[in-house]
Amino acid sequence: TFSDSPAQWDKVATTIPSERDTEQYAWLGALPGMREFRDERQPGDPKPYAYAIQNKTWESTLSVDRAALEDDQYGQIALRIRQMARVAKSHLDSIVFGLLGTGFVAPGYDGVPFFGVHTQGTPQSNRSGDALSAASLQSAITAMMRFTDDQGRPAGTMPNVLVVPPELYWEATVLLTSALYPDLVTTASQDLAANPLRGMLTLLTTPYLTSPTAWFLLDTSRVIRAIVLQMRKEFEFDAL
């Protein structure tokens, strides 16, 4: 069973079923906007971005001594099998959250690094070099709310998840739970100001982010999220 194996990948990724070796995605552009209906419909097509994801096959094998079976040590073997289920689910976490870390160099569907300056529609950047703080987090939220799609329309982005490595867990926890404004300020009146970030974002902490200083702000409310996990088949267990 996988019920005792915690995983977080499904909180940030969209799962797409696959039935072939490679899937082609040509529908990632913005949808047509609304217009006044007069004489007839005016169909509009999303911009023709192309992106391909090739499936990979993964496996994990556990060898059990014949003597262990002969000695009827099934309880201990069952514990090892349950641990394999945890490893399998953790593998999906490593794939999904690993993509965030490689997003600074790996190209997105528009051909440029996922985190960088995108020139479709209005040029805009989804990358910040600032360290995590209340000020940088507020600035990033505002910038994301200003994002436009490739048609130049407001994208309606509202970030709701903050992803951090273990090194930033405590700082991020303070930022999102403190009743008072957490950044250092210069006056007593500011020091007593309420924290507008409190309860605004869900915090996810994962060891699969390799950079100890990188933090990621995501909008996971969309049908198509920033990360696509292409699944050809679910995990299977075979005993030989």
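Table for the structure above
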{"item": "Every pair of residues 6+ apart whose Cβ atoms lie under 9 Å, when the first sits in the range 166-177 and is closer than 17 Å to Gly199 by Cβ while the second is exposed (fewer than 13 other Cβ atoms within 10 Å of the Cβ)", "result": "Leu176/Gly199; Thr177/Gly199"}
{"item": "Filter result for the condition that a residue is aromatic (Phe, Trp, Tyr), outside any helix (DSSP H, G or I) and either within 30 Å of Leu62 (Cβ to Cβ) or without any contact (Cβ under 8 Å) to a residue 60 or more places away in the chain (or both), over Phe97, Phe115", "result": "Phe115"}
{"item": "Flag for Leu79 being open to solvent by 100 Å² or more (accessible area, probe 1.4 Å) and either part of a helix (DSSP H, G or I) or modelled with pLDDT under 70 (or both)", "result": "yes"}
{"item": "Pairs with Cβ under 7 Å, 6+ apart, first in the range 227-240 and within 17 Å of Gln8 (Cα to Cα), second open to solvent by 100 Å² or more (accessible area, probe 1.4 Å) and modelled with pLDDT of 70 or more", "result": "Met231/Pro17"}
{"item": "Selection from the range 129-147 of residues that are under 20 Å from Tyr208 (Cα atoms) and surrounded by 13 or more Cβ atoms within 10 Å (Cβ to Cβ)", "result": "Leu132"}
{"item": "Residue satisfying condition, being modelled with pLDDT under 95 and touching a Lys or Arg at 6+ places or on another chain (Cβ under 7 Å), within set Ala179, Ala188", "result": "Ala179"}
{"item": "Among residues of the range 128-154, those that are part of a loop (DSSP other than H, G, I, E, B) and without any contact (Cβ under 8 Å) to a residue 60 or more places away in the chain, counted", "result": "7"}
{"item": "Residue selected from the range 148-165 under the condition open to solvent by 40 Å² or more (accessible area, probe 1.4 Å) and not small (Gly, Ala, Ser), by the criterion nearest to Leu197 (Cα to Cα)", "result": "Asn160"}
{"item": "Conditions (1) open to solvent by 20 Å² or more (accessible area, probe 1.4 Å); (2) closer than 30 Å to Pro107 by Cβ; (3) of a type outside the set (Ser, Thr, Tyr): number failed by Asp238", "result": "(2)"}
{"item": "Top-ranked residue in the range 218-235 [being of a type in the set (S, T, N, Q) and open to solvent by less than 40 Å² (accessible area, probe 1.4 Å); ranked as nearest to the chain's Cα centre (by Cα)]", "result": "Thr220"}
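The values are calculated or read from the model by the stated rules, or taken from the named source; none is laboratory data. Since we're looking at a predicted model, the values are computed, not measured. Quick reminder, even Gly has a Cβ in these numbers, built from the backbone with ideal geometry, and neighbours come from all protein chains shown. Just so you know, the surface numbers come from the protein's heavy atoms only, side chains and all, with ligands and any DNA or RNA stripped out. Shrake-Rupley method; radii C 1.70, N 1.55, O 1.52, S 1.80 Å.
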